[in-house]
Amino acid sequence: MESWLRVVLVIVSCLFPLMVECRVRHYHFNVVMKNTTRLCSTKPIVVVNGKFPGPTLYAREDDTVLVRVTNHVHYNVTIHWHGVKQIRTGWSDGPAYVTQCPIQPGQNYVYNFTLKGQRGTLWWHAHILWLRSTVHGAIVILPKRGVPYPFPSPDKEVIVILAEWWKSDTEAVINQAMQSGVAPNVSDSHLINGHPGLLSNCTSEGGFTLNVDSGKTFMLRVINAALNEDLFFKIAGHNFTVVEVDATYTKPFSTDTLLITPGQTTNVLLTADKSSGKYLITISPFVDAPVAFDNVTGTAILQYAGTLAAAATTLVKPPPQNSSQLANNYITSLRSLNSKKYPAKVPLKLDHSLMFTVGLGVNPCAGCSNGSRVVADINNFTFVMPTFAMLQAHYFNISGVFTDDFPGNPPITFNYSGNPPSNLQTNNGTKAYRLAYNASVQVVIQDTAFLAPESHPVHLHGFNFFQVGRGLGNFDAKNDPKKFNLVDPIERNTIGVPAGGWIAIRFIANNPGVWFLHCHFEVHTSWGLKMAFVVDNGEGPNESLVPPPHDLPSC
């Protein structure tokens, strides 16, 4: 009832524009199949409104957004609004079987949320199976009317979405891997705005062209929608000024190379400071672990107005894929803006100090090719997806769906970044960690060397967090906190845990509901590197989860 009252109030405000500014945005997403050709090969893919990448959702800070999603395909579907905090509206967060049952074929569901206190670039994507490989698009949250950017206003803004492409059906790729118990095949190419570019063998398909005018400043809204790879982003002969990540403003700094993990967004200012010419744009993987990866560079072209079509393209060499120092320098340059208007409200006193070890393991599997299956885990628990939505179970107090006894620390201590124990087996369970409303939380996320040390882009739903610390090797609980940045640490919703290292994040649990935490490498999520936080209601309706909407899908 409360959700419908909110909609009625917003609609009434739109009927009287002289009294109240209309702040409702209506969108309709039709999920359909579309035959699509890339790399000289055609396959049917799942898309929204016939577009790949999908349509951009535009809104302003504090707007209410209503998106009706209609499922016309044979897969179950959900949409996650990545980075939207969903204050008290967890029913619209989107991860299948966590906050909602999926939208079944032929059904629809209206996602209803308000963009409270957020501005910048986020994105939306499918949050079930591997459908987000093609079901994704940008969310542009403009500041309130009359509120300027805290940096020089650009002349034009351009969305740049980075992704991967498989010639095979991605559902077949992961299904075959899960059945065999081994890693799935890597992608066949990287994409910039849906195209592999000039370095592919199928030049007839063309690529994305960024058209610029000399002397103008462009803001690029860069999104990494790739399933399984951190990506470097470069433009020949040009530098970037980083001004925002994950819809939070940063202290501006200059760089010629961006590093963006899956799930992250980055806004940069690009000054077109040449008189003419064509310049190569590249995306390439950052992989500093002994794992298989797609080494095909995706490309596009930056072209100045008036440049002849036959003009030569200025090239740029992508960084070596194992450029750890380059990656570390970039990451350590990121700082919150921490201005009077946009302060960095870092929690200083802690109610919960948790440690999560993340990594891989091997469990028995009678039907697998080697009699075993590669799995992933947090604190030695491989998450088992339920068949009923956890948020509904929490709201209606339904038992048997999950337990709230997820361990706040590793069950055993060992040399996490060194030689692991001989037993690589993990425990299975659907477990959450319970938090009281407004609790202050610190989580140290430590990579482990089970099978191989590997980076992990970890995404927390429902919150932003501050990365107060980061390092290689094992976290030192006595000495490392002395070096934490509690003044202007970067604020994000997705953060990369370095291979063989750790990060420390802090957040305030001021959003009631059930909130997913998982690796944004889709292969690791499929293998079980995920858990959930349950945040209880606070006092009164303004600190409580709203009731479920009438059209919430059923399992």
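The values are calculated or read from the model by the stated rules, or taken from the named source; none is laboratory data. Bear in mind the structure is a predicted one, so any value in this text is a computation, not a measurement. Cβ atoms come from the backbone with ideal geometry, glycine included; neighbour counts cover every protein chain shown. For accessibility, only protein heavy atoms count, side chains too; no ligands or nucleic acids. Shrake-Rupley method; radii C 1.70, N 1.55, O 1.52, S 1.80 Å.
Taking F533, is it assigned to a loop (DSSP other than H, G, I, E, B) and under 19 Å from the mean Cα position of the chain (by Cα)? In short, no.
Here is a list: D273, D294. Which entry is within 30 Å of I490 (Cα to Cα), open to solvent by 60 Å² or more (accessible area, probe 1.4 Å), touching a residue at least 24 places away in the same chain (Cβ under 8 Å) and part of a loop (DSSP other than H, G, I, E, B)? Going through D273, D294 in turn, the sole match is D273.
Which ones in the range 297-311 are closer than 13 Å to F233 by Cβ and either in contact with a helix residue (DSSP H, G or I) (Cβ under 6 Å, 6 or more places away or on another chain) or open to solvent by less than 20 Å² (accessible area, probe 1.4 Å) (or both)? Explain how you work it out, then say what you get.
Step one: filter the range 297-311 for residues closer than 13 Å to F233 by Cβ, giving 297-300, 302.
Listed by number, the residues that qualify are G298, T299, A300, L302.
On the given criteria, is I79 within 15 Å of the chain's Cα centre (by Cα) and either closer than 12 Å to V546 by Cβ or modelled with pLDDT of 95 or more (or both)? Yes: the conditions hold for I79. Residues that are open to solvent by 60 Å² or more (accessible area, probe 1.4 Å) and assigned to a strand (DSSP E or B) within the range 420-436 comprise N427, N428, R434, listed in sequence order. Looking only at the range 276-291, residues that are in a strand (DSSP E or B) and open to solvent by 10 Å² or more (accessible area, probe 1.4 Å) come to 4 in all. For the range 458-466, state whether one or more residues are under 22 Å from P410 (Cα atoms) and over 17 Å from the mean Cα position of the chain (by Cα). There is no residue in the range 458-466 that is under 22 Å from P410 (Cα atoms) and over 17 Å from the mean Cα position of the chain (by Cα).
Would you pick out the residues in the range 207-228 that are of a type outside the set (G, A, S) and open to solvent by less than 10 Å² (accessible area, probe 1.4 Å)? Within the range 207-228, L210, V212, F218, M219, L220, R221, V222, I223, N224, L227 meet the criteria.
Counting only residues that are under 30 Å from L39 (Cα atoms) and crowded, with 20+ Cβ neighbours inside 10 Å, the range 131-159 holds 9 of them. Selection within the range 98-130: residues that are of a type in the set (S, T, Y) and in a strand (DSSP E or B). The member of this set that is surrounded by the fewest Cβ atoms within 10 Å (Cβ to Cβ) is T114. List the pairs whose first member sits in the range 362-382 and is under 14 Å from T448 (Cα atoms) and polar (S, T, N, Q), whose second member is surrounded by fewer than 21 Cβ atoms within 10 Å (Cβ to Cβ) and modelled with pLDDT under 95, and whose Cβ atoms are under 6 Å apart, counting only residues at least 6 apart or on separate chains? Close Cβ pairs (under 6 Å, with a partner that is surrounded by fewer than 21 Cβ atoms within 10 Å (Cβ to Cβ) and modelled with pLDDT under 95) amount to N380/P411.
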